[in-house]
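**Student:** Structure below; questions to follow.
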Amino acid sequence: MKSRRKRKPRRKGRKGIFVLPNLFTSASLFGGFYAIIAAIHGRYEAAAIAVIISCVFDGLDGRIARFTRTTSPFGNQYDSLSDLVAFGAAPAILAYLWALEPFGRLGWLAAFMYVICGALRLARFNVQKDNVDAKFFNGLPIPAAACFIASLILFTKALGGITESKPIIIIVMIYLLSFLMVSTINYPSFKEVNIRHRKPFNVLVSIILIFTVIAYKPQVMLFIIMLSYIVSGPVVTLYRLHGKRSKATIAASATGEENGEHKAVEQGSVE
């Protein structure tokens, strides 16, 4: 009998990656890297614009992945690493070379604090993203912090540059952004916004008006929008805490009144 040849075991097919969303993530990473190079050469305005463009690509990659159903663990990890460079290292280096360098050690420590808080923010997001409300971010998102720094640079450029007193305000802002990123303050995520569904006509008009206003004075309006978003978190949180305290006070006073009425009834029955 002829001896049977042993069949070679089939090689397991290599897992591929989804190209389209990762291309947008790569574009975001490229924008952050370009921002670092531009900042080193003193082109702070170009670096700020590159950071903002990176934010746009970062906002698109996740939506495209969900829209085309091409989400993957690889894409999530790649997106986090890209965010750390584009919205962590790049804005920190940009802010340091632009305004924090005169402060010496305090300046580069502020830049480092921003990077490490951004890294902690990303790590916490990756761990908690399946256990939190999708409508809100837990802490200031690192792309929003980066966009604020970039818009601040463009805003001061439109006003004529930095004066001697402004770097003190800027270093305070950097430390504040670092704190907000690792805080538990809720910020709207806008992930529930679905442009595929029918919307009222007023929504379209409002969007057109917003873009028109931004196009008229982009440096000023972009800064106002980012500042409003950053301030909205603490303001809404304080408002909710005040509302809870008011409800607790009303409930306590109502309970006290009921107890007083019961005591009065008991005393009357005894008499």
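**Student:** Suppose we filter segment 99-115 for residues that are free of Cβ contacts under 8 Å to residues at least 60 places away in the same chain and assigned to a helix (DSSP H, G or I); how many remain? Outline the logic, then answer.
**Tutor:** The initial filter retains those residues of segment 99-115 that are free of Cβ contacts under 8 Å to residues at least 60 places away in the same chain, namely 101, 104-105, 108-109, 112, 115.
Applying the additional criterion that residues be assigned to a helix (DSSP H, G or I) yields 101, 105, 108-109, 112, 115.
The qualifying residues number 6.
**Student:** Note down all Cβ pairs under 6 Å where the first residue falls in segment 194-218 and is in a helix (DSSP H, G or I), the second is surrounded by 10 or more Cβ atoms within 10 Å (Cβ to Cβ) and modelled with pLDDT of 80 or more, and they're at least six residues apart or on different chains.
**Tutor:** Val213/Met221; Ile214/Met221
**Student:** I would also like to ask the following. Hey, does segment 58-65 have a residue that's modelled with pLDDT of 95 or more and either within 15 Å of the chain's Cα centre (by Cα) or buried (at least 21 other Cβ atoms within 10 Å of the Cβ) (or both)? Walk me through it before giving the result.
**Tutor:** To start, the set of residues in segment 58-65 that are modelled with pLDDT of 95 or more comprises none.
Looking for residues that are modelled with pLDDT of 95 or more and either within 15 Å of the chain's Cα centre (by Cα) or buried (at least 21 other Cβ atoms within 10 Å of the Cβ) (or both), one finds none in segment 58-65, hence no.
**Student:** Restricting the search to segment 226-256, which residues are at pLDDT 85 or above and either more than 26 Å from Phe148 (Cβ to Cβ) or small (Gly, Ala, Ser) (or both)? Write out each step before concluding.
**Tutor:** Pass one, segment 226-256, residues at pLDDT 85 or above: 226-239.
Across segment 226-256, the qualifying residues are Ser228, Ser232, Gly233.
**Student:** Would you please name the residue that is farthest from the chain's Cα centre (by Cα), looking only at residues in segment 27-53 that are under 12 Å from Leu84 (Cα atoms) and either polar (S, T, N, Q) or surrounded by fewer than 21 Cβ atoms within 10 Å (Cβ to Cβ) (or both)?
**Tutor:** Going through the qualifying residues, I end up with Phe33.
**Student:** Hey, Phe24 hits all of (1) crowded, with 18+ Cβ neighbours inside 10 Å; (2) at pLDDT 95 or above; (3) of a type in the set (Phe, Trp, Tyr) but one; which does it fall short on?
**Tutor:** Going through (1) crowded, with 18+ Cβ neighbours inside 10 Å; (2) at pLDDT 95 or above; (3) of a type in the set (Phe, Trp, Tyr) one by one, Phe24 breaks only (2).
**Student:** Further question: If I go through segment 116-153 residue by residue, how many of them are basic (Lys, Arg), assigned to a helix (DSSP H, G or I) and out of contact with any Pro (no Cβ under 8 Å at 6 or more places or on another chain)? If you could, list the steps in order and put the result at the bottom.
**Tutor:** Our first condition is that a residue be basic (Lys, Arg); within segment 116-153, this holds for 121, 124, 129, 135.
Of the ones still in play, those that are also assigned to a helix (DSSP H, G or I) are 121, 124.
Filter once more, keeping what is out of contact with any Pro (no Cβ under 8 Å at 6 or more places or on another chain): 124.
Within segment 116-153, residues that are basic (Lys, Arg), assigned to a helix (DSSP H, G or I) and out of contact with any Pro (no Cβ under 8 Å at 6 or more places or on another chain) number 1.
**Student:** For segment 53-98, which positions are in contact (Cβ under 8 Å) with a residue 12 or more places away in the chain and part of a loop (DSSP other than H, G, I, E, B)?
**Tutor:** Thr68, Thr70, Thr71, Ser72, listed by residue number.
The values are calculated or read from the model by the stated rules, or taken from the named source; none is laboratory data. Quick caveat: nothing in here was measured; it's all calculated off a predicted structure. Every residue, glycine among them, receives a Cβ derived from its backbone with ideal geometry; neighbour counts consider all protein chains shown.
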